[in-house]
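Comments concern the structure below.
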Amino acid sequence: MPNPGDKVKVILKDRAIEGALIPNEETDSLVIKLKSGYNVGIEKSKVQKIEVLMEHKAKEPVREKPKFKPGLPTISILHTGGTIASKVDYETGGVIARFEPEELLANYPELFKIANIKSRLVSKMFSEDMRFGHYKLMIKAIEDEIKAGADGIILTHGTDTLGYTSAALAFALENLPIPIILVGAQRSSDRGSNDAAMNLICAANFITKTDFAGVAICMHETSEDTSAAILPACKTRKLHTSRRDAFRAVNDTIIAKVDFKTHKVAFVAKGYEKKAAKPDAKKNFAARPNFEEKVAILKCHPNMFPEQFSFFKDYKGLVIEGTGLGQAPTGVPNELCKIHEENFKAIEEVIKSGTVVVMCSQCIFGKVHMHVYSNAINLANIGVIPGEDMLSETAFIKLAWLLGNYNDKDEIKSFMGKNLRGEINERLLLDDANLGRTLPSMKG
Ligand code: GLU
């Protein structure tokens, strides 16, 4: 019987499958990792023969310590987990993280030509499990690295909630003197289609070749390995479950493009945050890492009940992801909608209980206008705050951050409608879809 990791040819009655044998707990099936990166399961009873094409040899652990090169800037890589840090270990079958500088050197030697690389583990987790406490850990690690003299920070992160974290860091870190670039990957580093290397290398080039200071995201610009987009921290959403160019700026333009081959950076956004414009930046830099825990997002849908709204009476903040221009099911156009009177009352009671309620749209593009349709007008009249063109996830993070750091409710409410960190695009015209970029064809 071949061993895990061996390259094998599995002969079935009508075809043969080639790939690497993956450890599998099921005794009646085999799992083969194909060249494409996908895994296939095969029932053992259907296997006629297995030929071993190449035996798997366990790689010698990398011992070489990266050499410090005077004259090169220093980048600290802070790891939090996600696919970017994962690699399937064929000997154990588990997904393991690679984060030591030695391991990074082995996987991404080009990084070490761009900068002296330090590396530090913040957490080892998938990003859907992130809590506000993890943002605090990241913020503390960033403060430490800035104090230690880092010229830039790359924060590796799972892609699922990367946009929430980038917004959280943008709000919590004031007057950042250096760039903090969040990088993820849609395909793990043991797959041919892995996107981690390009995203990391483009992030490092962006850090060392520009005067940008602040928080941004670096991910594939297209599905090709040609360029990465530097995306705005508070206006970026993961728009596709698996494509490498899943991240798109919404209601805004990207900040810049980094060419993978030439390393050239082309700025797209005007008026990005600059290091040079902040001579006192190190002195003015401050971290405000508090986030109010009891904040939530509620998505509106047909057939809602009042208890779905009144549930949030104990909460300090609520972002309603309403329909279209900012409506919720609160109107009574006919008998079937009678219960909507109760929906409206429930929202009113939530507001009276002291919860700050903000309205965003479940449309991707555009902004809320709460003075067009009666349902929205009535909600605005009882104190629902329009979230302008903010992504609902950004509004959620902003609301939690404001509630965590300010006491005055009126001040919090007025800040919700003002642009603090690029989260509200004041220049967005009514019908603007996506400034500077069109949506991909979504084919292939
Ligand atoms: N769901 C995981 C996460 O967001 C893995 C996916 C990824 O890293 O892209 O952390």
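The values are calculated or read from the model by the stated rules, or taken from the named source; none is laboratory data. Nothing here was measured: the structure is a model prediction, and the numbers come from that model. Reconstructed Cβ throughout: ideal geometry from the backbone, glycine too, with neighbour counts over all protein chains shown.
Structure data summary
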item	result
So PRO4, is it modelled with pLDDT of 80 or more, of a type outside the set (Ser, Thr, Tyr), closer than 27 Å to ASN194 by Cβ and not in a strand (DSSP E or B)	no
Filter result (of a type in the set (A, V, I, L, M), within 16 Å of the ligand (Cβ to nearest atom) and under 22 Å from GLN186 (Cα atoms)) within the range 114-160	LEU121, VAL122, MET125, MET130, MET138, ILE154, LEU155
Residue in the range 206-220 that is within 15 Å of the ligand (Cβ to nearest atom), over 20 Å from VAL122 (Cβ atoms) and of a type in the set (A, V, I, L, M) present	no
Within the range 358-381, tally of residues that are surrounded by fewer than 24 Cβ atoms within 10 Å (Cβ to Cβ) and of a type in the set (Val, Ile, Thr)	3
Subset of the range 383-429 [in contact with an Asp or Glu (Cβ under 6 Å, 6 or more places away or on another chain), within 25 Å of CYS300 (Cα to Cα) and small (Gly, Ala, Ser)]	SER392, ALA400
Filtered residues of the range 321-347 (kept if under 30 Å from ARG421 (Cα atoms) and out of contact with any helix residue (DSSP H, G or I) (no Cβ under 8 Å at 6 or more places or on another chain))	THR323, GLY324
2 or more residues out of contact with any helix residue (DSSP H, G or I) (no Cβ under 7 Å at 6 or more places or on another chain), modelled with pLDDT of 95 or more and surrounded by fewer than 18 Cβ atoms within 10 Å (Cβ to Cβ): qualifying strands (runs of 3 or more DSSP E) within the range 88-176	none
Residue in the range 302-316 that is outside any loop (DSSP other than H, G, I, E, B), among the acidic types (Asp, Glu) and under 30 Å from the mean Cα position of the chain (by Cα) present	yes
Residues located in the range 1-20, provided they are touching a residue at least 40 places away in the same chain (Cβ under 8 Å) and within 40 Å of the chain's Cα centre (by Cα)	PRO2, ASN3, PRO4, GLY5, ASP6, LYS7, VAL8, LYS9, VAL10, ALA20
Pair list, Cβ < 8 Å and 6+ apart or interchain, from the range 47-60 residues that are modelled with pLDDT under 90 to residues that are in a strand (DSSP E or B) and small (Gly, Ala, Ser)	HIS56/ALA20
